[in-house]
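Only one structure is covered here, and it is reproduced in the block below.
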Amino acid sequence: MSALAAEHQALNMGQGFPGFAMDQSLIDRVHHYMSAGYNQYSPMAGVPALRDRVSQIIQAQHGHCYDPATEITITAGATQAIFTAISALVHEDDEVILFAPAYDCYAPAIELQGAKCVWMNLHWPDYQIEWDHFKKLINHKTRMVIINSPHNPSGRMMSHHDMEQLTHLLDGSDIVLLSDEVYEHLVFDDQTHCSASRYPGLRDRSLIVGSFGKTLHCTGWKTGYIAGPEKLMTEFRKVHQYNVFVANTPIQYAIADHLEDPNTYLGLSAFYQAKRDRFCDGLRDSAWNLMDCQGTYFQNLQYTNLSSTGDIEFAQHLTIAHKITAIPCSVFYPDHCDEQVLRFCFAKTDADIDKAIQLLNAIQP
């Protein structure tokens, strides 16, 4: 879709990356460390100062202290953390339970291990998990469950009730939980992000993935982290050591300094909520159906009032005929479930958001 957007000079509201500049002071800090000679390998698990910072942030926000030495690893992006966790802990003939729609890196990593993806579809408009159904998917082959909250592409968040249900259903098993929390600081309407680290019955079996790229508007730097109990982190590092060995050294030092100010991440919810509200308020009187976006920087719109066309064809039509690009949500389902929903990224300048509103309001049945 991004290639199609470029070909037709369309406004790209599809691919999930910020369309505005990052903090210049962070760029300056990276330059400082490069100029000061911090350009060789860091320790395999990451720069100690950044691991310390991650531990402090998790403890302040969720009340649990991970040991920076043995329970936190800095990674070359969240996707690498996810791939490495699956490679380390999932083996041939294992089963992994996933919720669709799902970010597209999970299933390939599972299949490369010779394991089986066990899918549970969530649906418009609320994408709620039916826990009675989930319970039936668990068996002696279940090795891992993968959750993503706040959720890409729906913008839904797992509630306290959801996390309690998950705790109960995994109790007594040796199932590992991989919790993708890369949008942890993009939470709206005064809600609380229910991290797996908050729940004793989950955190002892969980690896939790975060992304500095999402938090600091620098997705191209590919720097993230993973946190979890030592017994799981030991296995993770056995693969991480030979997968990438280390993440970018000067960037790690710079991020550690930058995160010393809590406002760098505590202000994100208000910042992105203002963009979400601007986008949604501009479409309230349109023919589009809006989903309640609880977190992330994605807004799902259903177009049943505009067309009966499938979502891939309609997304292509929007790009070519109306010069605005979105992602069709059927591509996030293994069975290509098509509920005529498109995902729009509102991590854009206000000018681009206003232009998107104008283009979308102009579309008629």
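The values are calculated or read from the model by the stated rules, or taken from the named source; none is laboratory data. On a predicted model such as this, the values are computed, not experimentally measured, just so you know. Cβ sites come from the backbone with ideal geometry, for glycine too, and all protein chains shown count toward neighbours.
A few comments on the model shown:
- Answer from Tyr127, Tyr103 - the residue that is of a type outside the set (Lys, Arg), closer than 21 Å to Asp162 by Cα, in contact with a strand residue (DSSP E or B) (Cβ under 8 Å, 6 or more places away or on another chain) and in a loop (DSSP other than H, G, I, E, B): Tyr103
- Test: residue in segment 54-75 that is crowded, with 22+ Cβ neighbours inside 10 Å, in contact with a Gly (Cβ under 9 Å, 6 or more places away or on another chain) and within 30 Å of Phe344 (Cβ to Cβ): yes
- Residue check for His217: without any contact (Cβ under 8 Å) to a residue 12 or more places away in the chain and either assigned to a loop (DSSP other than H, G, I, E, B) or among the hydrophobic types (A, V, I, L, M, F, W, C) (or both): no
- Hey, Cys105 without any contact (Cβ under 8 Å) to a residue 60 or more places away in the chain and either surrounded by fewer than 21 Cβ atoms within 10 Å (Cβ to Cβ) or within 20 Å of Ala227 (Cα to Cα) (or both) or not: yes
- Those residues of segment 114-156 which are buried (at least 19 other Cβ atoms within 10 Å of the Cβ), farther than 30 Å from Cys345 by Cα and out of contact with any Lys or Arg (no Cβ under 8 Å at 6 or more places or on another chain), in sequence order: Thr142, Arg143
- Entry remark, segment 185-209: residues being out of contact with any Asp or Glu (no Cβ under 7 Å at 6 or more places or on another chain), touching a residue at least 40 places away in the same chain (Cβ under 8 Å), farther than 18 Å from Lys231 by Cβ and not in a strand (DSSP E or B) number 7 in total.
- Hits in segment 272-289 (condition: more than 11 Å from Asp354 (Cα to Cα) and assigned to a helix (DSSP H, G or I)): Tyr272, Gln273, Ala274, Arg276, Asp277
- Only one of the numbered conditions (1) under 28 Å from Leu26 (Cβ atoms); (2) touching a residue at least 60 places away in the same chain (Cβ under 8 Å) is not met by Ala270, and that is (2).
- The set of residues from segment 153-178 being free of Cβ contacts under 8 Å to residues at least 60 places away in the same chain, part of a loop (DSSP other than H, G, I, E, B) and over 19 Å from Ile226 (Cβ atoms) comprises Ser159, Asp171, Gly172, Ser173, Asp174.
- Filter result for Glu235 (in contact (Cβ under 8 Å) with a residue 40 or more places away in the chain, assigned to a loop (DSSP other than H, G, I, E, B) and in contact with a helix residue (DSSP H, G or I) (Cβ under 8 Å, 6 or more places away or on another chain)): no
- If you check Gly310, Gly295 for being small (Gly, Ala, Ser) and within 18 Å of the chain's Cα centre (by Cα), only one passes: Gly295.
- Options Asn263, Asn243, Asn289; residue that is polar (S, T, N, Q), more than 21 Å from the chain's Cα centre (by Cα) and farther than 18 Å from Ile82 by Cβ: Asn289
- Residue check for Phe344: buried (at least 24 other Cβ atoms within 10 Å of the Cβ), of a type in the set (Phe, Trp, Tyr) and touching a strand residue (DSSP E or B) at 6+ places or on another chain (Cβ under 8 Å): yes
- Apart from one condition, Asn300 fits all of (1) in the same structural domain as Met44 (by TED's automatic domain parsing); (2) assigned to a strand (DSSP E or B); (3) not aliphatic (A, V, I, L, M); the exception is (1).
- Any hit, segment 311-324, residues being in a strand (DSSP E or B) and within 19 Å of Pro365 (Cβ to Cβ): yes
- Residue satisfying condition, being at pLDDT 95 or above, in contact with a Gly (Cβ under 6 Å, 6 or more places away or on another chain) and not aliphatic (A, V, I, L, M), within set Gly228, Gly213, Gly224, Gly201: Gly224
- Residue check for Tyr265: aromatic (Phe, Trp, Tyr) and in contact with a His (Cβ under 7 Å, 6 or more places away or on another chain): yes
- Condition check for Ser211: touching a Ser or Thr at 6+ places or on another chain (Cβ under 7 Å) and of a type in the set (Ser, Thr, Tyr): no
- Checked against (1) surrounded by fewer than 22 Cβ atoms within 10 Å (Cβ to Cβ); (2) farther than 30 Å from Arg51 by Cβ; (3) in contact with a strand residue (DSSP E or B) (Cβ under 6 Å, 6 or more places away or on another chain), Asn361 meets all criteria but (3).
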